[in-house]
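Engineer: Below you will find the structure I want to go over with you.
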Amino acid sequence: QVQLVESGGGLVQPGGSLRLSCAASISIFRIFAMGWYRQGPGKQRELVAQITRNGSTHYADSVKGRFTISRDNAKNTVYLQMNSLKPEDTAVYYCNMLNSDSYWGQGTQVTVSS
């Protein structure tokens, strides 16, 4: 059973930064893609950023230039560095593992507010 455990969420002021972590219970070295999704209040879940096993990255237009996704295969962990946070970034952020199946973490709340 694959487990993904997110951490690093919290309350931050506009313009601030947070780093989310997603620790996987299995090796992510050969996993096709790892990603971060988010679901804001009253909104559908959306892709924020994704990184493939060869290191290619993809970002939602709304976070380009502010967010950076990275992976540490030795630690089986994926990160999302979030800078210049805005109130509209407020959401529950979910880690996703995509291979032959798709797996989700339990989510971590990010609130951007003054």
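Engineer: For D72 and E46, calculate 0.36 nm times their separation in residues minus their Cα-Cα distance, and state this gained length in nm to one decimal.
Structural biologist: 7.0 nm
Engineer: Please list, in order along the stretch 19-28, the HN-Hα scalar couplings obtained from phi with the Karplus expression 6.51 cos²θ - 1.76 cosθ + 1.60 (θ = phi - 60°), rounded to whole Hz, x for Gly and Pro.
Structural biologist: Rounded to whole hertz, the list is 10, 8, 10, 9, 9, 9, 7, 10, 5, 9.
Engineer: Residue-wise, which Karplus ³J(HN,Hα) couplings in Hz belong to the stretch 62-71, taking 6.51 cos²θ - 1.76 cosθ + 1.60, θ = phi - 60°, and x for glycine or proline?
Structural biologist: 5, 10, 4, x, 10, 10, 9, 9, 8, 9
Engineer: May I pose another question? Could you compute the net charge surrounding N83? Neighbours are other residues with a C-beta less than 14 Å from the C-beta of N83; K and R count +1, D and E count -1.
Structural biologist: +3
Engineer: Next question, about the same structure. Compute the FRET efficiency between Q81 and H58 as 1/(1 + (r/R0)^6), taking r as their Cβ-Cβ distance and R0 = 22 Å, and round to the nearest 0.05.
Structural biologist: Details: r = 16 Å, r/R0 = 0.71.
E between Q81 and H58, to the nearest 0.05, is 0.90.
Engineer: Build a GNM of the chain with springs between Cα atoms under 10 Å: which of N54, N96, N83 gets the top mean-square fluctuation?
Structural biologist: Fluctuation is largest for N54.
Engineer: Now a separate question. Hey, which lysines would be in cross-link range of K64, C-alpha to C-alpha under 25 Å, not counting anything within fewer than 8 residues on its own chain?
Structural biologist: Qualifying lysines at Cα under 25 Å: K43, K86.
Engineer: Can you compute the radius of gyration and Dmax for the stretch 1-87, using only the Cα atoms, both in Å?
Structural biologist: Rg, Dmax (Cα atoms, Å): 13.1, 38.
Engineer: Given H placed on each backbone N at 1.01 Å, which residues far from N76 in sequence or on other chains put an amide H within less than 5 Å of it?
Structural biologist: Those qualifying (amide H under 5 Å, at least 5 residues apart or on another chain) are I28.
Engineer: So, in nm, how far is label S7 from label D101 when the simple model puts each one 7 Å beyond its Cα toward the Cβ?
Structural biologist: Those two pseudo-labels are separated by 2.5 nm.
Engineer: Continuing with the same structure: Please list, in order along the stretch 53-61, the HN-Hα scalar couplings obtained from phi with the Karplus expression 6.51 cos²θ - 1.76 cosθ + 1.60 (θ = phi - 60°), rounded to whole Hz, x for Gly and Pro.
Structural biologist: 5, 8, x, 5, 10, 9, 10, 5, 4
Engineer: Go ahead and set up a Gaussian network model of the chain, Cα springs under 10 Å, then flag whichever of V48, V12, V78 fluctuates most.
Structural biologist: V12
Rule-based calculations on the coordinates, nothing more; no lab input. These numbers were taken from a predicted model, which means no experiment stands behind them. Neighbour counts run over all protein chains shown; Cβ positions are idealised from the backbone, glycine included.
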